[in-house]
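Engineer: So that we are looking at the same thing, I have put the structure below in structure tokens.
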Amino acid sequence: MSHASNIVYCDGPHSPHAFDVVPLQPRRGSLDAMCPVCQGRGQWNTEIHLVSFRSKRTACDQCHGAGWVETGSDPVGVPDIEVSPEGYPQWTLRYEPPHKSYSD
């Protein structure tokens, strides 16, 4: 016997169920303000089952999943993967300038 299915598809952070059961991210490091796109969550649901609350999520492009943004002129470190000189993948920290709308 199959169970009732109530799947909702969210097409962005503005969707009604986009932030259901998505917790706020703690502030880490020196980032200044909650991200205005994801409202401090770092991600949102792209698909959520309203009976079991299982979901598929996407990371916020604005804050890179941190939930917080830099409002000053400091560069922001973003985890990344690059190929080492030996040809193996390795974790690295890539620095990006802060978003224009926050530093103006």
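Engineer: Can you tell me which of 51, 22 is β-branched (Val, Ile, Thr) and within 11 Å of the chain's Cα centre (by Cα)?
Structural biologist: Exactly one of 51, 22 is β-branched (Val, Ile, Thr) and within 11 Å of the chain's Cα centre (by Cα), namely 22.
Engineer: Kindly list, by first and then second residue, each pair from a residue in the stretch 12-40 that is within 26 Å of residue 77 (Cβ to Cβ) to a residue that is loosely packed, with under 13 Cβ neighbours inside 10 Å and acidic (Asp, Glu), limited to pairs with Cβ atoms under 8 Å and residues at least 6 apart or on different chains.
Structural biologist: From the stretch 12-40, the pairs are 37/61.
Engineer: Still on this structure, I have one more. For the subset of the stretch 41-60 comprising residues that are small (Gly, Ala, Ser) and farther than 24 Å from residue 75 by Cβ, which member is surrounded by the most Cβ atoms within 10 Å (Cβ to Cβ)?
Structural biologist: 55
Engineer: Have a look at 78, 8, 51 and point out the one that is assigned to a strand (DSSP E or B) and touching a residue at least 40 places away in the same chain (Cβ under 8 Å).
Structural biologist: Among 78, 8, 51, only 8 is assigned to a strand (DSSP E or B) and touching a residue at least 40 places away in the same chain (Cβ under 8 Å).
Engineer: Okay, moving on. Tally up the residues in the stretch 81-104 that are loosely packed, with under 10 Cβ neighbours inside 10 Å, of a type outside the set (Asp, Glu), assigned to a loop (DSSP other than H, G, I, E, B) and at pLDDT below 90, please.
Structural biologist: Matching residues across the stretch 81-104 total 0.
The values are calculated or read from the model by the stated rules, or taken from the named source; none is laboratory data. What you are looking at is a predicted structure, and each value in this text was computed from that prediction instead of being measured. In this analysis, Cβ positions are derived from the backbone assuming ideal geometry, glycine residues included, and neighbour counts consider all displayed protein chains.
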